[in-house]
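Here's the structure we're looking at; comments come further down.
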Amino acid sequence: MSLDNFIKKHASNWMKEGKGEYSDIVISSRIRLARNIDNIPFPQLADQNQQKQVEKMVSETIDNKDHYRFLLMSSLSYEDRLTLVEKHLISPTLINESKYSGVWLNNEETVSIMINEEDHIRIQVVLPSLNLEEGLQVADEIDNLIESKLEYGFDEQKGYLTACPTNLGTGLRASVMVHLPALVLTKQINRVLTAVSQLGLAVRGIYGEGSESLGNILQISNQVTLGQSETEIIDNLRRVSKQIIDHELNSRKYLMEENKVALLDKVYRAYGILSNAYTITSKEALELLSYVKLGVDLELLDGINPHFFKELIVITRPGFLQKLYGQQLSSEVRDIKRAEVIREVLQKK
Amino acid sequence: MLCQECSKRQASVHFTKIVNGEKMELKLCEVCAKERGDLDLGHGEHFSFHKLLAGLLDIDELQVIGEKVIEKVTCKNCGLTEQVFVNSGRLGCSTCYETFGFKLNPLLKRIQGGTAHVGKVPVRAGGKIRIKREMQNLRDKLNLCIAKENFEQAAIIRDEIRQLEKETERGGS
Ligand SMILES: [Zn+2]
Ligand SMILES: [Zn+2]
């Protein structure tokens with residue numbers, strides 16, 4: 001399969017669609033709702049029968065099965081599960097869960113209904129650009145549908161009852177993934193991050209909890225889930241995100257006006273390495289891709305497919321590379337193949 | 001021994017992971033382990049949170065004062081014991097929130113800012129909450145009527161309460 005066809009076949013909607021608010025800076029918006037069936041032990045404590053029962057109960061609530069497919073984790077290879085994480089369709093936690101952990105994925109790959117993750121049910125919606133409202137609306141409708149058939153664990157004071165008390169209340173985790181190279185280059189990023197954490201939001205790297213901020217990509221999400229309504233939560237996140245985006249845009253302007261040589265040097269060196277390297281680690285690739293993306297955004301580089309960044313940050317990940325080449329690859333071989341894929345995408349005019 | 005991933009460098013890191021309930025051991029070199037760590041997208045933050053929570057839950061003032069073993073609570077729905085809860089900081093089922101509320105509630109104030117849920121309410125629970133509130137309202141009225149010796153009105157309210165009780169018994173929402 002050619003690389004083009006491979007991308008067409010395996011890219012999710014959020015990786016493809018270029019339009020939408022701040023689509024050059026906001027890579028994706030994500031909504032996640034945690035829900036549990038009343039009285040059945042949470043997945044970690046449930047026995048196999050109970051987990052099987054949960055899988056069956058939730059699966060039976062999925063109405064229009066034509067639009068969804070079910071993937072049972074235990075029937076997938078480790079690489080395939082990894083690929084789902086790299087596409088942000090499932091959480092890293094789901095990979096290692098039990099025999100009856102699985103996910104219902106819609107055909108557009110915008111909706112994932114995870115079963116037997118940390119909670120019985122995790123409804124996730126991922127959309128391109130800054131679009132938390134639509135994400136919440138979609139998640140809400142799915143939630144209503146499931147809830148019309150199942151009794152949730154719910155308490156008047158505590159809200160939705162979750163396996164971990166940090167999700168109590170709305171069970172909502174909303175996040176936006178943003179690309180902030182200019183804030184990093186102008187060394188403003190730490191000040192911004194400190195401010196963000198004081199506003200009740202959390203900042204993490206591209207692959208969630210515990211991961212570092214590779215490629216100048218950060219995920220900003222709400223910390224508090226109790227005492228704020230769903231709308232308040234996404235409203236707050238949206239406002240803060242917008243301010244960060246404005247800072248990023250100002251920093252870009254500053255670089256263009258006051259520091260253009262340094263900027264051009266950064267962008268063209270990155271482009272030079274990526275279009276000539278024969279071996280590259282995922283860390284270096286992400287970092288350099290970030291500056292090429294900045295160059296494309298500022299129209300310093302042209303002739304590059306506008307979706308290249310979102311596609312490449314996923315395709316150059318280990319799980320995806322192995323899928324592309326249809327075999328297990330050692331880390332050395334992966335570095336070589338990664339360089340090959342990047343050269344091919346960047347050379348396309 | 002050599003790294004199981006690259007077969008080139010010396011293995012120095014042991015990696016354990018659970019796949020399909022089976023424990024898998026991997027011996028990797030530092031380079032590959034780092035890459036794996038990259039893939040496995042650690043649960044680090046969660047882990048430390050649970051440890052922290054567990055640490056806070058473990059302060060048992062009664063025990064310290066009494067210096068004797070006090071009978072511990074167990075969740076009658078999922079069987080989670082107080083000891084396991086206190087050690088792990090994780091709950092076992094939705095009923096656990098009632099069972100261990102006495103330990104958890106003071107901490108929730110710190111974690112979640114001490115406020116009550118104001119967001120979405122599931123339709124089913126919504127009905128129950130509505131009935132619960134209505135019932136409380138009627139009982140207050142009933143008490144007031146009895147206090148005022150307005151027994152005629154009290155009888156009407158009593159019937160309304162009975163009607164509502166019947167509805168909830170039928171599982172009506
Ligand atoms: Zn190795
Ligand atoms: Zn329990």
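The values are calculated or read from the model by the stated rules, or taken from the named source; none is laboratory data. Since the structure is predicted, the reported quantities are computational estimates derived from the model, not experimental observations. Virtual Cβ from ideal backbone geometry, glycine too; neighbours counted across all protein chains shown. When the accessible area is computed, the model is the full protein with side chains, heavy atoms only, and any ligands, DNA or RNA have been set aside. Shrake-Rupley method; radii C 1.70, N 1.55, O 1.52, S 1.80 Å.
Counting only Cα atoms, region A:131-251 measures 52, 26, 23 Å along its principal axes, largest extent leading.
When only the heavy atoms of the protein chains count and the probe is 1.4 Å, how do B:VAL121, A:VAL111 rank by accessible area, highest first? Write out the running numbers ahead of the final one.
Details: B:VAL121 65, A:VAL111 5 Å².
These residues rank, largest area first, as B:VAL121, A:VAL111.
The residue among A:THR162, A:ASN190, A:GLN137 whose Cα reaches farthest toward the positive pole of the charge dipole of region A:113-237, with charges on the beta-carbon of Lys, Arg, Asp and Glu, is A:ASN190. Residues of region A:82-100 whose accessible area, computed with a 1.4 Å probe over protein heavy atoms, drops by at least 50 Å² once all protein chains are present relative to their chain alone are A:ASN96.
Within 10 Å of each candidate Cβ there may be at most 16 other Cβ atoms; applying that plus a DSSP loop requirement, which chymotrypsin sites (Phe, Trp or Tyr not before Pro) in region A:105-202 survive?
Details: sites: A:TYR152, A:PHE154, A:TYR160; in loops: none.
Those that pass, being in a loop and sparsely packed, number zero.
Note on region A:259-347: Cα-only Rg and Dmax are 13.1, 45 Å. Taking region A:182-317 as the region of interest, the number of lysine pairs whose Cα atoms are within less than 21 Å, with members eight or more places apart or on different chains, is 18. A cut-off of 5 Å between modelled amide H atoms, ignoring neighbours fewer than 5 places along the same chain, links A:ILE27 with A:MET177, A:VAL178, A:HIS179. Along its three principal directions, the equivalent ellipsoid of the protein assembly as shown from the Cα gyration tensor extends over semi-axes of 47, 27, 23 Å, largest first. The string of couplings for region A:325-334 from the Karplus curve (6.51, -1.76, 1.60, θ = phi - 60°) is 9, x, 7, 6, 10, 6, 5, 5, 5, 4 Hz, one whole number per residue in order, with x for Gly and Pro. Accessible area per residue (1.4 Å probe, heavy atoms of protein chains only) ranks B:ARG110, A:ARG334, A:ARG238, B:ARG158 as B:ARG110, B:ARG158, A:ARG238, A:ARG334, with the largest value leading.
With a cap of 16 neighbouring Cβ atoms within 10 Å, and only residues DSSP puts in a loop, list the trypsin sites (Lys or Arg not before Pro) found in region A:140-173. List each step's numbers first, then the result.
Working: sites: A:LYS149, A:LYS158, A:ARG173; in loops: A:LYS149, A:LYS158.
Those satisfying the criteria are A:LYS149.
Distant-in-sequence amide contacts of A:ILE40, defined by a placed amide H-H separation under 5 Å and a gap of 5 or more residues or a different chain, comprise B:SER94.
Ranking B:PHE102, B:GLN136, B:ILE146 by how far each Cα lies toward the positive end of the dipole of region B:87-153 (charges on Cβ) leaves B:PHE102 at the top.
Entry comment: accessible area of region A:8-252 is 36 Å² per residue, from protein heavy atoms only and a probe of 1.4 Å. Working from Cα positions, state the angle (0 to 90°, nearest 10) between the long axis of helix A:260-276 and the longest principal axis of chain A. Roughly 70 degrees, rounded to the nearest 10. Three principal axis extents describe the C-alpha atoms of region A:239-295; from largest down they are 41, 26, 11 Å. A simple count of charges around B:GLU152, restricted to other residues whose Cβ falls under 12 Å of its Cβ and scoring Lys, Arg +1 and Asp, Glu -1, yields 0. Our helix-only sum for the protein assembly as shown, with -39,500 (n - 2.57) per DSSP H run of n ≥ 4 divided by its residues, gives a mean residue ellipticity at 222 nm of -15500 deg cm²/dmol. Residues whose amide H lies under 5 Å from that of A:ASP155, counting only those 5 or more places away or on a different chain, are A:TYR160, A:LEU161; hydrogens are built 1.01 Å from N in the peptide plane.
Computed from Cα atoms, the angle from the helix A:189-198 axis to the main principal axis of chain A rounds to 20 degrees. When the protein assembly as shown is described by a simple charge dipole with +1 on each Lys and Arg Cβ and -1 on each Asp and Glu Cβ, the residue from A:LEU94, A:LEU298, B:LEU28 located farthest towards its positive end is B:LEU28. Of the residues in region B:76-101, those shielded by at least 10 Å² of accessible area once partner protein chains are present, compared with the chain alone at a 1.4 Å probe, are B:ASN77, B:CYS78, B:LEU80, B:ARG90, B:LEU91, B:GLY92, B:CYS93, B:SER94, B:THR95, B:TYR97.
Please get the size of the charge dipole for region A:259-347, origin at its Cα centre, with Cβ charges of +1 on Lys and Arg and -1 on Asp and Glu, quoted in debye to the nearest 20. It would help to have the intermediate numbers written out before the result.
Values: 12 positive and 11 negative charges, 43 e Å.
The calculation lands at about 200 debye.
With the Kirkwood sum run over all distinct C-alpha pairs, region A:1-144 has a hydrodynamic radius of 15.8 Å. Note on region B:123-169: Cα-only Rg and Dmax are 11.8, 38 Å. The local environment of A:HIS247, defined by Cβ-Cβ distances under 14 Å, has a net charge of +4 under the rule Lys, Arg +1 and Asp, Glu -1. If you sort A:LYS260, B:LYS132, B:LYS27 by accessible surface, 1.4 Å probe, largest first, the order is B:LYS132, A:LYS260, B:LYS27. Taking the protein heavy atoms of the protein assembly as shown in the context of the full set of protein chains, the accessible area attributed to carbon and sulfur is 50 percent at 1.4 Å.
Between 0 and 90 degrees, the angle of helix A:132-147 with respect to the longest Cα principal axis of chain A falls at about 20 degrees.
Please state the charge dipole magnitude for the protein assembly as shown, taken about the Cα centre, from unit charges on C-beta atoms (+1 on K and R, -1 on D and E), reported in debye and rounded to the nearest 20. Present the calculation step by step, with values, prior to reporting the outcome.
On the way: 68 positive and 72 negative charges, 129 e Å.
Its charge dipole is roughly 620 debye.
Roughly how large is the B-A contact in terms of buried accessible area, totalled over both chains, probe 1.4 Å, nearest 100 Å²?
Numbers: alone 13710 and 16010 Å², together 24670 Å².
Interface area, both chains combined: 5100 Å², rounded to the nearest 100.
I want to verify the translational diffusion coefficient of region A:8-252 in µm²/s; compute it with Stokes-Einstein, Rh as the Kirkwood radius over Cα pairs, at 10 °C and 1.306 mPa s. In µm²/s, the coefficient is 86.
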